[in-house]
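To start, the structure itself, in structure tokens.
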């Protein structure tokens with residue numbers, strides 16, 4: 001209705017402007033041809049109609065844009081709703097008895113984390129929670145150094161259910177690794193991993209960038225790889241047990257690292273690794289310590305790093321060094 005009134009008003013205004021312009025031209029210059037005056041008046045009136053047409057076109061354009069935005073918001077809302085339903089369903093399937101169903105659910109969660117970034121931390125937390133579940137496998141203590149040979153060869157009798165669960169857990173570990181940014185990935189989100197008390201086999205986070213790692217009382221079997229990993233927040237391995245080799249080469253632990261009460265059964269390579277903020281190591285270093293750990297300036301020492309080979313600007317305070325000499 002409003003558009004009709006504006007159209008009528010525009011036509012009337014055009015007529016008025018046409019008549020007024022023509023009359024003014026005739027009064028100002030009576031000698032000029034009346035046809036020219038009327039023509040000029042018509043052009044002025046036509047300009048009014050043209051302005052109305054431009055306004056109407058702009059109004060239609062804005063209406064169309066608003067409609068597209070509304071449709072886009074509706075699609076986005078429906079997409080988020082579908083994502084929420086997929087997430088809930090996948091989490092529910094993690095409790096399924098069939099190992100292949102659990103593996104499929106984990107892949108659905110990982111796919112959701114890739115397509116919907118707001119889910120990435122949540123999916124990482126869910127996968128970590130799965131790995132924190134109680135788990136037993138008869139061959140854990142017999143893992144070879146070569147990950148490709150894990151679970152093959154002569155082993156104790158292993159129940160099929162244990163092997164199936166191992167497959168699911170290895171999938172969870174691999175997906176955690178795949179979800180964390182590395183290389184040229186621009187994602188700088190400080191993702192957090194909570195693996196408290198988890199049993200991890202050939203766990204690999206080399207080259208990954210993230211925030212906090214909590215692995216208190218975790219059990220690491222086989223080769224554990226943190227080479228070139230970058231952590232911006234604390235890495236807490238308090239009470240953890242490393243049953244196989246550990247590779248920390250060229251890792252950056254800018255948020256600090258704690259090995260309080262940690263146990264190392266095999267070689268620990270810290271060559272080129274750097275730690276900042278704080279350092280807490282066991283009273284006795286690993287029997288097979290390889291490389292030198294670089295300590296950044298200002299790093300706080302929670303206890304004496306006696307026996308650990310350190311370099312860099314950060315050094316334990318004199319009172320700790322004196323304590324070592326007295327002992």
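Summary table below
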| quantity | calculated |
| --- | --- |
| Breaking point among (1) at pLDDT 90 or above; (2) under 28 Å from residue 251 (Cα atoms); (3) part of a helix (DSSP H, G or I), for residue 105 | (2) |
| Single match in 151, 87 (criterion: modelled with pLDDT under 95 and either surrounded by fewer than 18 Cβ atoms within 10 Å (Cβ to Cβ) or in a loop (DSSP other than H, G, I, E, B) (or both)) | 151 |
| Test set (1) farther than 30 Å from residue 118 by Cβ; (2) in contact with a helix residue (DSSP H, G or I) (Cβ under 8 Å, 6 or more places away or on another chain); (3) modelled with pLDDT of 95 or more - residue 191 fails condition number | (1) |
| Yes/no for residue 253 being without any contact (Cβ under 8 Å) to a residue 40 or more places away in the chain, under 20 Å from the mean Cα position of the chain (by Cα), in the same structural domain as residue 137 (by TED's automatic domain parsing) and buried (at least 22 other Cβ atoms within 10 Å of the Cβ) | yes |
| Within region 91-118, tally of residues that are farther than 22 Å from residue 189 by Cβ, touching a residue at least 60 places away in the same chain (Cβ under 8 Å) and surrounded by fewer than 15 Cβ atoms within 10 Å (Cβ to Cβ) | 0 |
| Given (1) part of a loop (DSSP other than H, G, I, E, B); (2) under 25 Å from the mean Cα position of the chain (by Cα), number of the condition residue 244 does not satisfy | (2) |
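The values are calculated or read from the model by the stated rules, or taken from the named source; none is laboratory data. Keep in mind that this is a model prediction, so the values were computed, not measured. Cβ atoms come from the backbone with ideal geometry, glycine included; neighbour counts cover every protein chain shown.
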